[in-house]
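Only one structure is covered here, and it is reproduced in the block below.
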Amino acid sequence: MKQAGTKHFDELIDIARENGATAAKIIPAKMVVIDERVRLKCEVPRCTGYGHYLTCPPYVMPVDIFGRILSRYTWCLLVQVEAKNINSMDKGKCRIDHTILRENKDLHRPFRLKLLQVVEAVEAAAFKKGLSFAAGFSGGSCVLCDRCVNDKFSEVCKHPFHARPPMEAVGIDVIRTVKNAGLSLHLSSGKNVIWTGLVLLN
C-alpha cells in the first residue's frame, strides 16, 4: 500500500517528462549513494566550478550533513536529460584539456538548462501537492550566469529560486545511484551524454 504523498508520484513523473526529461523514475531514498570521495573529486583534480559558484564547494553543505538530511527522506525522483548528438567519448590528449572544457560548456549548456527546468518544475509541483520538503539537485556546475557573484561571502545569488547545487557537490555518487535505479549513464562512449538530476520527496 502506498504511503501518504506517493499518490502524486505518477503526476510528478509526467511533469518531469512534459518539461523535457528523457527519463524519470521514483526510487527509495536509500538507493542514493553518498561517498565523500565524490566531493574529493571536486578538488582533486580541481573542477573548474570549485570556488567559482555559490552552488559548488566550498559554499555548499558538507557531505556528512547532507547524508543526515537524506536519511530523513523516504523517496526521491531521478530525472535525466539526454544531450542529443553529443557523445561522451574522451577527446582530450591529457588529463584535462581546457579547450575542450570550454567547447563542451557551450555545447552542453542548453541541456543543462533543460535539466534545471525539469528539477525546478518537479520540486515546485511536489511542494504544491503537499510534499513540503521537496528539494532539487542538478548536475554539474551552475550554467545560469557566465560569472557568479564576486564576493561569495557577502553577495547573494542572482537567481536564488532557479539555481540548484549539483548532486556531486553534496557527495552523491551519481554513477552508482543511477545504476541502483536501473537507468543509463554513458561515460567515455559514442552514446549521447546524459545529464542527471534528483528531487528529494517528503
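The values are calculated or read from the model by the stated rules, or taken from the named source; none is laboratory data. The structure displayed is predicted, hence computed values, not measured ones. For neighbour counting, all protein chains shown are included, and Cβ atoms are generated from backbone atoms with ideal geometry for every residue, glycine included.
Summary table below
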| item | result |
| --- | --- |
| Residues within region 181-190 that are at pLDDT below 95 and not in a loop (DSSP other than H, G, I, E, B), tallied | 0 |
| Any hit, region 58-69, residues being modelled with pLDDT under 95 and in contact with a Gly (Cβ under 9 Å, 6 or more places away or on another chain) | no |
| Cβ-Cβ under 7 Å pairs, at least 6 apart or on other chains, region 33-52 side under 19 Å from Leu198 (Cα atoms), far side exposed (fewer than 15 other Cβ atoms within 10 Å of the Cβ) and of a type in the set (Gly, Ala, Ser) | none |
| Of residues in region 1-49 being among the hydroxyl-bearing types (Ser, Thr, Tyr) and surrounded by fewer than 17 Cβ atoms within 10 Å (Cβ to Cβ), the one farthest from Asn104 (Cα to Cα) | Thr6 |
| Yes/no for Val193 being touching a residue at least 24 places away in the same chain (Cβ under 8 Å) and farther than 18 Å from Met31 by Cα | yes |
| Residue in region 6-22 that is touching a Pro at 6+ places or on another chain (Cβ under 9 Å) and either closer than 15 Å to Phe137 by Cα or among the aromatic types (Phe, Trp, Tyr) (or both) present | no |
| Which listed residue, of Val199, Val149, Val174, Val143, is of a type outside the set (Asp, Glu), more than 28 Å from Pro28 (Cβ to Cβ) and in contact with an Asp or Glu (Cβ under 7 Å, 6 or more places away or on another chain) | Val149 |
| Subset tally (residues that are touching a Pro at 6+ places or on another chain (Cβ under 7 Å) and either assigned to a loop (DSSP other than H, G, I, E, B) or at pLDDT below 95 (or both)) for region 100-150 | 3 |
| Subset of region 151-180 that is in contact with a strand residue (DSSP E or B) (Cβ under 9 Å, 6 or more places away or on another chain), assigned to a loop (DSSP other than H, G, I, E, B) and small (Gly, Ala, Ser) - its residue that is surrounded by the most Cβ atoms within 10 Å (Cβ to Cβ) | Gly171 |
| Scan of region 50-74 for residues that are outside any helix (DSSP H, G or I) and surrounded by fewer than 19 Cβ atoms within 10 Å (Cβ to Cβ), ordered by number | Tyr50, Gly51, His52, Pro58, Tyr59, Met61, Pro62, Ser71, Arg72, Tyr73, Thr74 |
| Total residues in region 19-49, condition part of a strand (DSSP E or B) and either among the charged types (D, E, K, R) or within 12 Å of Pro166 (Cα to Cα) (or both) | 3 |
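Here is a yes/no grid of residues against (1) without any contact (Cβ under 8 Å) to a residue 40 or more places away in the chain; (2) farther than 25 Å from Ile34 by Cβ; (3) touching a helix residue (DSSP H, G or I) at 6+ places or on another chain (Cβ under 9 Å):
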site	(1), (2), (3)
Leu115	no, no, no
Glu120	no, no, no
Ala126	no, no, yes
Phe133	no, no, yes
Phe137	no, no, yes
Phe153	yes, yes, no
Ala163	no, no, yes
